[in-house]
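Only one structure is covered here, and it is reproduced in the block below.
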Amino acid sequence: MKKSYAVGELIEIIEYSPERAKPFCRVFGTCGGCQVQHLSYPAQLAWKSRLVRDALERIGGFAGVQVAPTVGMDEPRAYRNKMALVVERPNNRVAFGFYQMRSHAFVPIDACPVVLPQLDAEIVALRGAAEDPKLSSAFAQVKHVIARAGASTGESVTALTTNEPSPQLAAASADLAKRLPGSKGLSNSFSPPSANAILGRKQRLLWGESEMEERIALPGGSHVRYRVSAASFFQINSAMVGRLFEKLAQLPKPRSVLDLYCGAGTFSIWFALGGATVTGIEENPEAIREARANAKLNGVAEKTKFLCGRVETLVGKPEGQALHAEVAFLDPPRKGSDVQTLDALTAARIPAIWYLSCNPATLARDLAHLRAAGYVLEETIPFDFFPQTGHVETLARVRRQDAA
């Protein structure tokens with residue numbers, strides 16, 4: 001029993017639902033990575049639309065709200081372009097895995113069917129390296145392995161997290177990197193901010209490059225190019241980013257965009273390629289560096305400006321460009337945006353706000369705040385960026401009531 005909910009344990013299935021599916025991962029139900037593999041994929045999509053509608057009605061007070069069918073994947077497996085492995089040493093042997101649901105209990109794995117094939121192959125390669133007497137010492141201090149791969153390029157970069165810089169890892173880096181499929185670079189992440197942190201506050205490149213390239217196709221045969229590191233904030237489902245781009249392309253093209261929580265410039269660059277002038281704001285200095293480099297890579301450096309700082313601090317200042325934007329695009333973390341940011345946007349009378357959320361509850365809360373400030377909810381579309389899990393990404397568009 002929890003304060004506001006209870007957790008049930010499955011004892012017996014008396015009658016099987018026609019929507020029940022056979023889980024395809026042997027550690028499903030133990031590993032905390034996926035929660036709904038036992039639900040058929042069409043049922044997952046329908047359920048996620050209901051999740052969003054329920055949050056909007058119950059938390060946001062949007063009675064009778066219309067929520068579009070969830071946009072799904074053609075093949076809802078092998079989609080994640082990033083994985084974060086836990087490293088443990090049961091019986092003095094290095095093992096790789098994930099945490100159990102709602103705990104930090106270790107679940108060893110030898111494969112993961114929801115990560116990209118090259119990342120799945122990297123799990124096998126890491127296990128082989130850890131069992132090789134010539135390389136095993138490299139893992140002596142490693143707590144986590146974070147790897148990212150490009151679905152379109154097959155390139156990958158890997159960061160191994162230790163408490164302190166690891167001389168053993170540095171010495172073995174070249175040999176280890178050669179074992180990892182498509183590896184472009186290997187880094188040592190160290191000095192984690194807490195005992196449970198996956199990434200350290202500092203990164204040291206040990207071999208190759210710190211970034212790999214991903215390309216997302218656009219209509220007409222062109223594509224957007226991104227160079228990102230293992231630690232970057234970048235959407236974990238490249239295919240669904242493409243589906244979201246398709247939806248955005250159907251909307252009127254804004255001439256000026258304020259991109260808040262812009263990360264490595266995923267959406268800033270897309271808007272700029274469509275002709276908009278874009279100001280992106282992000283508090284992570286490494287993400288800002290990548291965003292500027294990605295803008296240059298795509299030939300839109302002159303149409304973009306990236307500011308490093310907290311969104312709630314910069315958005316209301318003149319350099320935040322809120323007064324001049326036709327559209328504010330928000331892609332905040334799970335906690336959502338904040339009153340200070342939302343009030344700055346409404347005070348600037350921005351005609352339209354497009355909000356991409358990974359948490360229906362905080363989305364509903366923030367949309368209710370915007371409604372109270374005179375904005376009307378025009379459209380809500382869930383996107384299945386996280387198949388087989390209980391998470392859903394939602395694009396909500398609101399318009400100022402007196403705006404055309």
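Descriptive notes on the structure:
- Among SER49, SER191, SER183, residue whose mean-square fluctuation peaks in a GNM of the chain (springs only between Cα atoms under 10 Å): SER191
- Cα-centre dipole for the range 293-332 with unit charges at Cβ (Lys and Arg positive, Asp and Glu negative), debye to 20: 140 debye
- Kirkwood-Stokes translational diffusion coefficient of the range 1-63, alpha-carbon pairs, 25 °C, 0.890 mPa s, µm²/s: 173 µm²/s
- Cα-based shape type of the range 90-151, given that a ≥ b ≥ c are square roots of the gyration tensor eigenvalues and the cut on a/c is 1.5: oblate
- Phi-based couplings in Hz for the range 140-150 (Karplus 6.51, -1.76, 1.60; Gly and Pro marked x): 4, 10, 6, 9, 9, 10, 10, 10, 10, 9, x
- All lysines inside 18 Å of LYS317 as judged from Cα atoms, apart from same-chain residues fewer than 8 positions distant: LYS305
- Max mean-square fluctuation residue, GNM over the chain, Cα-Cα springs under 10 Å, options GLY265, GLY33, GLY299: GLY299
- Between the amide H of PHE329 and those of LEU258, ASP259, LEU260, TRP354, distances stay under 5 Å, these residues lying 5 or more places away or on another chain, with hydrogens modeled in the peptide plane.
- Cα-based shape type of the range 82-214, given that a ≥ b ≥ c are square roots of the gyration tensor eigenvalues and the cut on a/c is 1.5: rounded
- Fraction of beta bridges assigned by DSSP in the range 82-214 that are antiparallel (%, nearest 5): 75 percent
- Lys/Arg +1, Asp/Glu -1 at C-beta; the range 82-214 dipole; positive extreme among ASN163, VAL142, SER152: ASN163
- Antiparallel bridge percentage (DSSP; both residues within the chain; nearest 5): 60 percent
- Considering all C-alpha pairs of the chain, those separated by over 31 Å amount to 42%.
- Ranked by how many other beta carbons lie within 10 Å on average, peptides 337-343, 162-168, 254-260 from highest: 254-260, 337-343, 162-168
- Taking a straight Cα-Cα cut-off under 14 Å and skipping sequence neighbours fewer than 8 places away in the same chain, the aspartates and glutamates within cross-link reach of LYS143 are GLU88, GLU164.
- Seen from ARG349, the other residues with C-beta closer than 13 Å to its C-beta sum to a net charge of -1, counting Lys and Arg as +1 and Asp and Glu as -1.
- Pairwise label distance in nanometres, GLU57 with ALA111, each label 7 Å out on the Cα-Cβ vector: 4.2 nm
- Legend: ranking of residues HIS324, HIS38, HIS104 from fewest to most surrounding C-beta atoms inside 10 Å; resulting order HIS104, HIS324, HIS38.
- Between ALA105, ALA195, ALA239, the GNM of the chain built on Cα springs shorter than 10 angstrom shows ALA195 fluctuating the most.
- Taking every DSSP helix (H) stretch of at least 4 residues in the chain, weighting each as -39,500 (n - 2.57) and dividing the sum by the residue count yields a mean residue ellipticity at 222 nm of -8000 deg cm²/dmol.
- The chain: DSSP helices with Cα axial extent of at least 24 Å and average Kyte-Doolittle hydropathy no lower than -1.0: 41-58
- Take the Cα of ARG334, step 7 Å toward its Cβ, do the same at SER256, and the gap between the two points is 3.6 nm.
- Restraint check, LYS2/LYS22; LYS82/LYS184; LYS134/LYS178, Cα-Cα greater than 21 Å: LYS2/LYS22
- Relative contact order (%) - the chain, alpha-carbon pairs under 8 angstrom, separation at least six: 14 percent
- DSSP bridge analysis restricted to the range 160-219 gives an antiparallel fraction near 65%, rounded to the nearest 5.
- Neighbour-limited loop hits for trypsin sites (Lys or Arg not before Pro), the range 305-404 (at most 14 other Cβ within 10 Å; DSSP other than H, G, I, E, B): ARG310, ARG334, LYS335, ARG349
- Estimated vicinal HN-Hα couplings, Hz - the range 373-390 in sequence order (Karplus 6.51, -1.76, 1.60; Gly, Pro = x): 8, x, 9, 10, 6, 9, 7, 9, 10, x, 10, 8, 6, 10, x, 6, 10, x
- Applying the Karplus relation 6.51 cos²θ - 1.76 cosθ + 1.60 with θ = phi - 60° to the range 222-227 yields 3J(HN,Hα) values of 7, 7, 9, 10, 9, 10 Hz, where x marks Gly and Pro.
- Database remark: amide H of GLU379 closer than 5 angstrom to the amide H of ARG397 (H placed geometrically; neighbours at sequence offset of 5 or more, or on other chains; Pro and chain starts carry no H).
- Over the range 82-214, relative contact order from alpha-carbon pairs under 8 Å, at least 6 apart, %: 21 percent
- Efficiency of FRET from Cβ geometry, THR30 and ARG77, R₀ 25 Å, rounded to 0.05: 0.85
Rule-based calculations on the coordinates, nothing more; no lab input. As the structure is a computational prediction, the values presented were derived from the model and not from experiment. Note that we place each Cβ from the backbone using ideal geometry, even for glycine, and neighbour counts take in every protein chain shown.
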